[in-house]
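Colleague: Pasting a structure here, questions to come.
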Amino acid sequence: MTVLFGQLFTGVSIGAVLLLIALGLALTFGQMNVINMAHGEFIMAGAYTTYVLQQTITGAGWSLLVALPVAFVVAGTMGVLLEVLLIRRLYARPLDTLLVTWGVSLILQQLARDVFGSPNVQTRAPDLLTGNIALPGGLTVATNRLFILTLAVAAVVALTLALRLTPLGRRIRAVVQNRDLAAVSGIATARVDRTTFFIGSGLAGLAGVALTLLGPIGPTMGTNLIIDAFLVVVVGGIGQLKGSVIVAFALGVLQATGEYLTTLSVAKVLVFVAIVAFLQWRPQGLFTLRTRSLA
Amino acid sequence: MTSFRGRILAGALTLVATAALAACGSKTTDAASGTGVSADVSGDTVKVGLLNSLSGTMAISEVTVRDSIMLAVEEINAAGGVLGKKIQPVSEDGASDWPTFAEKAEKLISQDRVAAVFGCWTSASRKAVKPVFERNKALLFYPVQYEGLEQSPYIFYTGATTNQQIVPGLDYLKAQGKKSVYLVGSDYVFPRTANKIIKAYAEANGMTVLGEDYAPLGSTEFGTIVNKVRSSKADAVFNTLNGDSNVAFFKEYTSAGLTAESMPVVSVSIAEEEVKGIGTQYLTGQLTAWNYYQTTPGAANEKFVAAYKAKYGAEKPTSDPMEAAYVAVHLWKAMVEKAGSFDVEQVRAAAGGITFEAPEGTVTVDGPTQHIAKTARIGRIGADGLITEVWNSGQPITPDPYLKSYPWASGLS
Amino acid sequence: MSTVTAPTGRTPDPAAGGRRRNLLPGAGPARAAAGFALGAALLFAVAPLALSDFRLSLLAKYLCLAMVAIGIGIAWGRGGMLTLGQGVFFGLGGYAMAMHLKLADAGPGELPDFMQLYGQLDELPWWWRPFASPWFALPATVLLPMAVAFGLGSLVFRRKVRGAYFAILSQALAMAMVILLVGQQGTTGGTNGLTDIQGFFGYALTDPVNQRMVYFVIAGTLLALLLLARQLIQSRYGELLVAVRDGEERVRFLGYDPASVKLVAYVVAAGMAGLAGALFVPAVGIISPAMIGIVPSIEFVIGVAVGGRATLLGPVLGAVAVAWAKTALSERFPGGWTYLQGLMFVLVVAFLPGGLAALVGLGRQRGDDPDRRRWWRRRRRQVPAGVGTTVPVEGAGTPEATDGAGLAGARTGVTA
């Protein structure tokens, strides 16, 4: 029972991490078809922001909370820069964005290595986030995982509300559904794109802050997770968030279960097979935006 | 040549030309036919190669080794060089990619004509360059603890082999009355081999191995493994994870409520540099098995630590692989001077019995195995990020890469 | 598979408009032949004389990467499938060859060294056994990757998984393959891979003379593959492939099955990658998961993009150039070469979409990627195309960019 619960919780929290990373991708990939391989390096930027803040402002663990908005802005700004300088020129060639942003990610990694040194750096987590909460029945819940889960859920809720209720959100949805029509209706699609990129990259920054609680903070920290996150978006279906949410948690639980029953390697392969099988059934992902496109 | 026949002709010509040129191959299978490239020592300098990953995932560890080698080179040059020649270091980036290591090794040997190469970290990179060094009859000094079961005539192993690190670590656990262990490792050669040795040791010494889990290199998701470890209720964990995975593992371990008191972890790949990257709040009290710590007493170490910090910054710690790399350069110098030549065969012949007052204590080159007799030290990680010794083997342990002198290990190699 | 009618081996009818698709710019057949002869002379005569043993063995390695690039040029440049998993096929070919060579090194009935060390096996695993025979292993280096490509391709293309979806899926395949190989250390060598290969069908690889021989085999194979690719591109099938890239639905309406057309190109590319992997093994003496994963797979594609994806020679030159630049830059700037490498990728792909081929005006061909026009002549596009799910995510080709206004109008009509 404890093990079952522990595994379930582990699965959900793997899903939460995936979701935090995939949310930003769901925006940039889903809306603009940009395959941003540098997303992982925006995560890294968020994590290093946490580190720098702790070094300069305060050594206390609670600088983590300060880091959340700062990392959002830092990573978001980097995203906008990338959009303005490079990606804007490549909207007609979506697959090329993958190659260009791969080059960008190489540069950013080396930059991190030169600025912060090759070895990993450490941040001090608040004491509250290094322990666990005991539940009745001998069950425990790690507080850092709980924090990340909360953060992921909060991000999803905030993003959903923003997309549904704000004028900006309405414009974003209009552009996603029909860019040309949105443009002729007077929406400045270029500006909407830039804003979307800011938010999407900013979410990667948030993910970076969260990951300082779980893993290493180093130049290559972003690369490990990015493929999994892309798979989440692909399987979830682009243009909507709910697909990514469901798939992130489903993959997390699948991986945790598979890993418990076999090994991590086998579990990863199982997840891949499951994805190929799933795409046989729904090649456009779990949810698709209904259009009358022939594509 | 648009005609089909024309193309066939072109294709046929290509094949014939290829076959003709390919037939120039020589079927000689004489193993000694490999041509040694001799080092270029004509000028007043001698080149040595530095082969480390300066980019990619392994850069987190290997850059510090490169720094340490550079320090040793500078020291030797300041003291007049080797046989009156200044050392000129040539650095190459292995880029955390094994075929690249092989390519760069070949380049250092055949293009730069270096007298020796220092570097490599992962076993995979060493395995990739080993044939290159053997073919060219060139020297590699490998500075990292490793899984043993290897003895190349053209490699000097200045890190620990298994009987100088893992076996003493197990001896220590046994002496502490730990009856059961859980094995966690990265999925590659060193952890898998180490765990095989641990299982053989456990069987012979009345310990039980409650579980064995591997994570892919670079994996940062340890929820499941820690769950398994916790529910196993083992007395201790033997940790052979490498690199980034350690960070994630210990963060998860702490979150699960496991501590050095409730379930100590003995790590063999966490040195001072890694402690800094993981965070002391997750590590305080945990154990490590090495041959050197920054806190190891002795004048040689004080000098090494002071010189390193003066060159690279006061906040930079020194660690076992860095020390082993530093020692490697000095040992090479001693070998060359004893041989009176840079010639590889003469250097090898002179190697046996050479000693050096290393930061870790006196080390001696074991001629037959080309490993080094080293003292094993178990350390405890302190809240200040430094590791202090809690036990040592008393005297240098003779290297035994194939564990021939341990009866319980007879089935291993 | 029912509707592919284009015979792949047919030469185009010279009368039918004299399809001018050549190896060299504006080249007629004579210049194509001259170019081929020039390439052969460079590879067979100039390079072996001008380069040291070490540099020649590096060139051999680059040429292997160039073979992969030819395949990617067909699948991606001509077929619009961005395959980010070519490392898998390269690896399958490489492992098949390395398994045979390891067994040959060990001698009959003996186990390869690493199995004794790490696997503690008493006998060879069943799936290793057939590789003892060169008659199985050699065809397997090509057929095994093709079979895997066929399996995966027929699943995903039929379900219209394409564009970015296909790219990411193929990338995940590379990741899964690496994890699988690494996890089976006793039988695959794990992260070490298969190393220390001593002989190549009786020739000792330690001997520089034999290294030279391996180089000649590789150079000859590369030329043969180029001929094969040229044949394929010029055939009716080649036309169909470009048509599928530029308008999959239109091809479907014409009665062809785009899935089968794509499948053929994907399988051919896989076979070429497999052959390249097989020859890489004797040239470099090692095959390991490091050559299979996501990073090398992307580097393959980047070589193609740098060279010029839709041309015949572009991918070859690009692959060699990128690999050479990597070696040269990292030798000169061991600490900071990744800046330069990254910068090179960014600048070439973003600002020179036609690759180096466009710079020198190589192969201005019908059916080429329209984006290959020189960048200063390209129409600035205000409105991002290929956005959302409303417009097809195409591969390299972006029909929207050049399709006639009439068609663009029609498309808008469809999507609106």
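Colleague: Mind listing whichever residues of segment C:137-175 are among the hydroxyl-bearing types (S, T, Y) and within 29 Å of C:E249 (Cβ to Cβ)?
Modeller: Across segment C:137-175, the qualifying residues are C:S154, C:Y165, C:S170.
Colleague: I would also like to ask the following. Within segment C:219-233, count every residue that is modelled with pLDDT under 95 and over 14 Å from C:F36 (Cβ atoms).
Modeller: The total comes to 2.
Colleague: Quick one: which of C:F131, C:F136, C:F114 is touching a strand residue (DSSP E or B) at 6+ places or on another chain (Cβ under 8 Å) and surrounded by fewer than 24 Cβ atoms within 10 Å (Cβ to Cβ)?
Modeller: C:F114
Colleague: Just to verify a result, which residue in segment B:187-217, among those that are crowded, with 20+ Cβ neighbours inside 10 Å, touching a residue at least 60 places away in the same chain (Cβ under 8 Å) and in contact with a helix residue (DSSP H, G or I) (Cβ under 6 Å, 6 or more places away or on another chain), is farthest from A:P216 (Cα to Cα)?
Modeller: B:Y201
Colleague: Does at least one position in segment C:67-80 carry a residue that is crowded, with 22+ Cβ neighbours inside 10 Å and within 13 Å of chain B (Cβ to nearest Cβ)?
Modeller: The answer is no; no qualifying residue exists.
Colleague: Kindly check whether there is at least one residue in segment C:157-177 that is in a helix (DSSP H, G or I), over 19 Å from C:S297 (Cα atoms) and in contact with a Lys or Arg (Cβ under 9 Å, 6 or more places away or on another chain).
Modeller: yes
Colleague: Right, next: Check whether at least one residue in segment A:17-29 is surrounded by fewer than 23 Cβ atoms within 10 Å (Cβ to Cβ) and touching a residue at least 12 places away in the same chain (Cβ under 8 Å), and report yes or no.
Modeller: no
Colleague: Right, another one. Please enumerate the residues belonging to segment A:179-218 that are polar (S, T, N, Q) and touching a residue at least 40 places away in the same chain (Cβ under 8 Å).
Modeller: A:T196, A:S201, A:T212
Colleague: Which ones in segment B:154-166 are surrounded by fewer than 24 Cβ atoms within 10 Å (Cβ to Cβ) and more than 14 Å from chain C (Cβ to nearest Cβ)?
Modeller: Result: B:N163, single match.
Colleague: Which residue pairs have Cβ atoms closer than 6 Å, lie 6 or more positions apart in sequence or on different chains, and pair a first residue in segment C:155-168 that is facing chain A (nearest Cβ under 7 Å) with a second residue that is modelled with pLDDT of 85 or more and surrounded by 24 or more Cβ atoms within 10 Å (Cβ to Cβ)?
Modeller: Matching pairs, first to second residue: C:A164/A:I35; C:Y165/A:V234; C:A167/C:L82; C:A167/C:L84; C:I168/A:F230; C:I168/A:V234.
Colleague: Checking A:T97 against (1) touching a residue at least 24 places away in the same chain (Cβ under 8 Å); (2) over 19 Å from A:T189 (Cβ atoms); (3) of a type in the set (S, T, Y), which test does it fail?
Modeller: (2)
Colleague: Out of contact with any helix residue (DSSP H, G or I) (no Cβ under 7 Å at 6 or more places or on another chain) and within 14 Å of B:G49 (Cα to Cα) - does that describe any residue in segment B:83-91?
Modeller: Yes, segment B:83-91 contains a residue that is out of contact with any helix residue (DSSP H, G or I) (no Cβ under 7 Å at 6 or more places or on another chain) and within 14 Å of B:G49 (Cα to Cα).
Colleague: Under 8 Å between Cβ atoms, at least 6 apart or on separate chains: pull out the pairs that start in segment B:47-64 with a residue that is on the phi < 0 side of the Ramachandran plot and basic (K, R) and end on any residue that is in a strand (DSSP E or B) and surrounded by fewer than 24 Cβ atoms within 10 Å (Cβ to Cβ).
Modeller: B:K47/B:I87; B:K47/B:Q88; B:K47/B:P89; B:K47/B:V90
Colleague: Next question, about the same structure. Can you confirm whether segment C:317-329 contains a residue that is free of Cβ contacts under 8 Å to residues at least 12 places away in the same chain and either outside any helix (DSSP H, G or I) or away from chain B (no Cβ under 14 Å) (or both)?
Modeller: For segment C:317-329, residues free of Cβ contacts under 8 Å to residues at least 12 places away in the same chain and either outside any helix (DSSP H, G or I) or away from chain B (no Cβ under 14 Å) (or both): absent.
Colleague: Where residues in segment C:181-219 are away from chain A (no Cβ under 14 Å) and of a type in the set (S, T, Y), which of them is nearest to C:Q116 (Cα to Cα)?
Modeller: Within segment C:181-219, the match that is nearest to C:Q116 (Cα to Cα) is C:T195.
Colleague: Among the candidates B:A236, B:A307, B:A289, B:A271, single out the residue that is among the small types (G, A, S), closer than 23 Å to B:R377 by Cβ and at pLDDT below 95.
Modeller: B:A271
Colleague: Kindly indicate whether any position in segment C:236-252 is facing another protein chain (nearest Cβ under 7 Å), among the acidic types (D, E), surrounded by fewer than 24 Cβ atoms within 10 Å (Cβ to Cβ) and over 30 Å from A:N224 (Cα atoms).
Modeller: Yes, there is a match, as at least one residue in segment C:236-252 is facing another protein chain (nearest Cβ under 7 Å), among the acidic types (D, E), surrounded by fewer than 24 Cβ atoms within 10 Å (Cβ to Cβ) and over 30 Å from A:N224 (Cα atoms).
Colleague: Do we have B:A234 as surrounded by fewer than 24 Cβ atoms within 10 Å (Cβ to Cβ), touching a residue at least 24 places away in the same chain (Cβ under 8 Å) and over 25 Å from the mean Cα position of the chain (by Cα) here?
Modeller: In short, yes.
Colleague: Residues that are acidic (D, E) and either closer than 25 Å to B:F156 by Cβ or not in a loop (DSSP other than H, G, I, E, B) (or both): does segment B:306-315 have at least one?
Modeller: no
Colleague: Do any helices (runs of 4 or more DSSP H) lying entirely in segment A:195-295 carry at least 3 residues that are over 19 Å from the mean Cα position of the chain (by Cα), of a type outside the set (G, A, S) and within 11 Å of chain C (Cβ to nearest Cβ), and which ones are they?
Modeller: Qualifying helices (runs of 4 or more DSSP H): A:264-281.
One line per residue, one yes/no per condition, for (1) of a type in the set (A, V, I, L, M, F, W, C); (2) within 17 Å of B:W121 (Cβ to Cβ); (3) at pLDDT 95 or above:
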site: B:E150; (1), (2), (3): no, yes, no
site: B:Y157; (1), (2), (3): no, yes, yes
site: B:A160; (1), (2), (3): yes, yes, yes
site: B:Q164; (1), (2), (3): no, no, yes
site: B:L183; (1), (2), (3): yes, no, yes
site: B:Y188; (1), (2), (3): no, yes, no
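Colleague: Determine if segment A:162-183 includes at least one residue that is small (G, A, S), more than 14 Å from chain C (Cβ to nearest Cβ), assigned to a helix (DSSP H, G or I) and surrounded by 18 or more Cβ atoms within 10 Å (Cβ to Cβ).
Modeller: So far as segment A:162-183 goes, no, none of its residues is small (G, A, S), more than 14 Å from chain C (Cβ to nearest Cβ), assigned to a helix (DSSP H, G or I) and surrounded by 18 or more Cβ atoms within 10 Å (Cβ to Cβ).
Colleague: Within segment B:396-413, can you find the residues that are crowded, with 19+ Cβ neighbours inside 10 Å and out of contact with any helix residue (DSSP H, G or I) (no Cβ under 9 Å at 6 or more places or on another chain)?
Modeller: none
Colleague: Quickly run through segment C:221-234 and pick out the residues that are touching a residue at least 40 places away in the same chain (Cβ under 8 Å) and either more than 7 Å from chain B (Cβ to nearest Cβ) or surrounded by 22 or more Cβ atoms within 10 Å (Cβ to Cβ) (or both).
Modeller: C:T221, C:L222, C:L223, C:L225, C:L226, C:A229, C:R230, C:L232, C:I233, C:Q234
Colleague: Quick check, is B:L241 modelled with pLDDT of 90 or more and over 25 Å from B:T161 (Cα atoms)?
Modeller: Answer is no for this residue.
Colleague: How many residues are farther than 24 Å from C:L205 by Cβ and over 9 Å from the mean Cα position of the chain (by Cα) if we restrict to segment B:117-146?
Modeller: Final tally of qualifying residues: 2.
Rundown of residues vs (1) among the charged types (D, E, K, R); (2) in a loop (DSSP other than H, G, I, E, B), yes/no style:
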{"site": "B:A160", "(1), (2)": "no, yes"}
{"site": "B:V184", "(1), (2)": "no, no"}
{"site": "B:I197", "(1), (2)": "no, no"}
{"site": "B:E203", "(1), (2)": "yes, no"}
{"site": "B:V209", "(1), (2)": "no, no"}
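Colleague: Additional query: Among the residues of segment B:255-285 satisfying the criterion of being crowded, with 24+ Cβ neighbours inside 10 Å and of a type in the set (S, T, Y), which is farthest from the chain's Cα centre (by Cα)?
Modeller: So the residue we want is B:S255.
The values are calculated or read from the model by the stated rules, or taken from the named source; none is laboratory data. Keep in mind that what you see is a predicted model, and the values were worked out from it rather than measured. Glycine gets a Cβ as well: all are built from the backbone with ideal geometry, and neighbour counts include every protein chain shown.
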